[in-house]
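One structure is given below, encoded as structure tokens.
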Amino acid sequence: MKRCCSIKASVVEEDEKESGLRAILNFGHTVGHAIEALSGYKKYKHGEAVAMGMVAAANLSVNFRILSSVKYCMFVSFFRRAGLPTELPDYSKYEYQRVMALDKKMG
């Protein structure tokens, strides 16, 4: 955990305005924040919600042919082995879009 915090601090220090490298820290957060909001901030821990958001983002990358299906399966397997959820909660597409449009990481 200490090493993770150190890496995050160095990324933030290098890119204080979120204009480049720091954007990598946002990976999965927009969908993750939507999951937290839609579930009333009670059902999922922040890390669980972000993990589901990361899997959703990786799935989009497969759809846009940026990430191979094989790499996606490896990615999902990693999260599952870590005991993290990988399936999005069953909210409608509209509900996700509505809440994600309000997320601070979208702006």
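Structure values in brief
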| read-out | value |
| --- | --- |
| Identity of the residue in the range 1-60, acidic (D, E) and not in a helix (DSSP H, G or I), that ends up nearest to L84 (Cα to Cα) | E18 |
| Test: residue in the range 76-86 that is outside any helix (DSSP H, G or I) and in contact with a Gly (Cβ under 8 Å, 6 or more places away or on another chain) | yes |
| Subset of the range 51-75 [open to solvent by less than 70 Å² (accessible area, probe 1.4 Å) and either more than 14 Å from the chain's Cα centre (by Cα) or over 21 Å from Y96 (Cα atoms) (or both)] | V62, L67, S68, Y72, F75 |
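Each row is one residue, and each column tells you yes or no for (1) open to solvent by 50 Å² or more (accessible area, probe 1.4 Å); (2) among the charged types (D, E, K, R).
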residue: S6; (1), (2): yes, no
residue: E14; (1), (2): yes, yes
residue: N26; (1), (2): no, no
residue: L38; (1), (2): no, no
residue: Y41; (1), (2): yes, no
residue: R81; (1), (2): yes, yes
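The values are calculated or read from the model by the stated rules, or taken from the named source; none is laboratory data. These numbers were taken from a predicted model, which means no experiment stands behind them. Backbone-built Cβ (ideal geometry, glycine too); neighbour counts: all protein chains shown. Surface areas here come from the heavy atoms of the whole protein model, side chains and all, with no ligands, DNA or RNA. Shrake-Rupley method; radii C 1.70, N 1.55, O 1.52, S 1.80 Å.
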